[in-house]
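**Q** Please find one structure pasted underneath; my questions will follow.
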Amino acid sequence: MFKGCEDEIKALARLSTLVNSTLNLMEVLDNAMKYVEELMDAEASSIFEVDYERDELFFRLARGKGGSRARKIRLSMGEGIAGWVAREGKPLLVADVYQDKRFSARMDKYSGFKTRSIIGVPIKHKGRLIGVLEVLNKRGGPFEEEDLELLTVVGNQIGIAMENARLYQRLQEKFTLTAEELKKTQQKLIQSERLGALARLSQGVAHEVRNPVMSIGGFARRLKQQLSPGDSAHKYVEIILKELARLEKMVQDVENYANMREPEFREVNLEKLIEHALEEWRQSWASPDIQVHLDLPGEEITFPGDERLLSLVLKNLFRNAREAMTGGGELSIAAYPQGRQIIIKVADTGIGIPPEDLPQVFDPFFTSNPQGSGLGLTTVHRIVSEHHGEISVKSTVGEGTEIRIRLPLYPDDLHLSELEGPPI
Ligand SMILES: Nc1ncnc2c1ncn2[C@@H]1O[C@H](COP(=O)(O)OP(=O)(O)O)[C@@H](O)[C@H]1O
Ligand SMILES: [Mg+2]
């Protein structure tokens, strides 16, 4: 018997406050069932949820002795009292489970709990079955119709809670995704901001350095001419001139980088782009100990881009690959469309990049090459970004490096109108 109608109303009111005040499903369910057990003076209770993919019931909650063990069991539809309630979609009161063939003792065997009586109701939301609610072993006497009525009301509330929690979870997942995307975009922005600031700084430095470098060079060459042939100072002047040449090249590279123009988008033929770049590179860099594999799509593919800048990208990558394979090796170039993008892969079998260097390879002036300026991949990154593309590196020391570039295949994806600013 209930402790009174007032208690019942109070309990239900608390229940609905709980449902609305917290969206943590387990907390809601556990608290709800605790009240129900108290109200009915019962020993245990369970909430099952339907797994529609496997056509089974699994525990959302199992309160009472052996509950944690019982939770591991799954019921097939129709199995046991809960399975019957789920299949029929109707409430059920079983005063003595041993008099009812629908009862399955499997759960008791596993959990150590001894079931005597059960009431079960379906949990539905908008007519769809989501689970089953069960209360077990009323202490004071057998379950009554009133208990079943109360449980039906509770079942409806719990249906709402479960549905809210599901929606909330979906919302949260979406939110997490959006937050992640935002973070990525922010990181990209920081990266290009950083590159932009560095470019401006180095342009300034290069400009200041250029004149003194030129005059040091001029004086060093004059000094060399004035030295007598056997003078030991010759070797020092040679070193000065060699280092100056490096400095001049660096200044030149920085100025080239800083003065690089923005892309002018035209229709680019993928195959021609790669073949031309390869041909140009071959003229200055080819060596017989490097084998080139080219894997291009059979069909003609065009996409929006600036052919000269993209050719610079490829030549930089080929050059790095060459420098990484001083003992010879294979350069593999592949290109193909994938969805709304074009993928270009440049892979070598060179020395590879140590994992600690990987995050820095696109940074200006990062280089492991005594003759390098460390601006090659910085340039590549900038051109790819300006083409609204992405670039990534995979590398294993001693095995090789693969650079992968993604570029938009369709002009629509360039969002050119956004770049051009609002209409006047
Ligand atoms: N294919 C590659 N294999 C191994 N290391 C590479 C490769 N490409 C780039 N790197 C590493 O990244 C550094 C930066 O490359 P880059 O920006 O082109 O500058 P640079 O070629 O002037 O050194 C290189 O010095 C090298 O350490
Ligand atoms: Mg380079």
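**Q** For K72 and D231 in one chain, what is 0.36 nm times their gap in residues minus the Cα-Cα distance, to one decimal in nm? Don't skip to the answer; put the middle values down first.
**A** Details: separation 159, 0.36 × 159 = 57.24 nm, distance 9.05 nm.
Result for the pair: 48.2 nm of gain on full extension.
**Q** Still on this structure: What is the calculated FRET efficiency for R106 to K126, with r their C-beta to C-beta distance and R₀ = 30 Å, to the nearest 0.05? Walk me through the intermediate numbers first.
**A** Details: r = 32 Å, r/R0 = 1.06.
For R106 and K126, the calculated efficiency is 0.40.
**Q** Restricting to bridges with both residues inside the chain, how much of the DSSP beta-bridge set is antiparallel, in percent to the nearest 5?
**A** Numbers: 55 of 61 bridges.
Looking only at bridges with both residues in the chain, the antiparallel portion is about 90 percent.
**Q** Name the residue, out of K272, K114, K184, whose mean-square fluctuation peaks in a Gaussian network model built on the chain with Cα pairs under 10 Å.
**A** K114
**Q** Separate question: Could you list the residues of the stretch 341-375 with an amide nitrogen less than 16 Å from a label point located 7 Å from the Cα of E299 in the Cα-to-C-beta direction?
**A** 341-343
**Q** Here's a follow-up. Label point 7 Å out from E330 along Cα-to-Cβ: which residues of the stretch 282-296 have amide N under 13 Å?
**A** From the stretch 282-296, the list is 290-295.
**Q** Moving on. Could you list the residues of the stretch 346-372 with an amide nitrogen less than 15 Å from a label point located 7 Å from the Cα of A245 in the Cα-to-C-beta direction?
**A** What the label zone holds, given the 15 Å backbone N cut-off, is 370-372.
**Q** Mean separation of Cα pairs under 8 Å and 6+ residues apart, divided by the residue count of the chain: what relative contact order is that in percent? Each step should come with its number before you reach the end.
**A** Working: 617 pairs, mean separation 40.5, N = 424.
Once divided by the residue count of the chain, the mean separation gives 10 percent.
**Q** Another question, then. Could the peptides 375-387, 229-241, 80-92, 205-217 be put in order, highest first, of the mean number of other beta-carbon atoms found within 10 Å of their residues? Please report the intermediate quantities before stating the final value.
**A** Details: 375-387: 21.6, 229-241: 11.8, 80-92: 20.0, 205-217: 13.8.
Those peptides, ordered most packed to least, come out 375-387, 80-92, 205-217, 229-241.
**Q** Oh, and also: Compare I344, I391, I73 in a GNM of the chain, Cα atoms joined below 10 Å, and give the one with the largest fluctuation.
**A** Ranking I344, I391, I73 by mean-square fluctuation puts I73 first.
**Q** Still on this structure, I have one more. Kyte-Doolittle mean at least 0.5 and Cα extent at least 20 Å along the axis: which DSSP H helices of the chain qualify? If you can, show how the numbers build up before the last one.
**A** Details: long enough: 5-21 (24 Å, 0.09); 25-40 (22 Å, 0.29); 145-226 (117 Å, -0.43); 234-258 (36 Å, -0.32); 270-285 (22 Å, -0.88); 307-324 (25 Å, -0.14).
What comes out of the filter, once short or polar helices are dropped, is none.
**Q** I would also like to ask the following. L358 to D51: extension gain in nm, 0.36 nm per residue of separation minus the Cα-Cα distance? Display every interim value, and only then the final one.
**A** Working: separation 307, 0.36 × 307 = 110.52 nm, distance 4.48 nm.
So the chain would gain 106.0 nm between L358 and D51.
Quick note: the coordinates plus some simple rules give every number you see, no bench work behind them. Only a predicted model underlies this, so the values are computations on that prediction, with no experimental measurement involved. For neighbour counting, all protein chains shown are included, and Cβ atoms are generated from backbone atoms with ideal geometry for every residue, glycine included.
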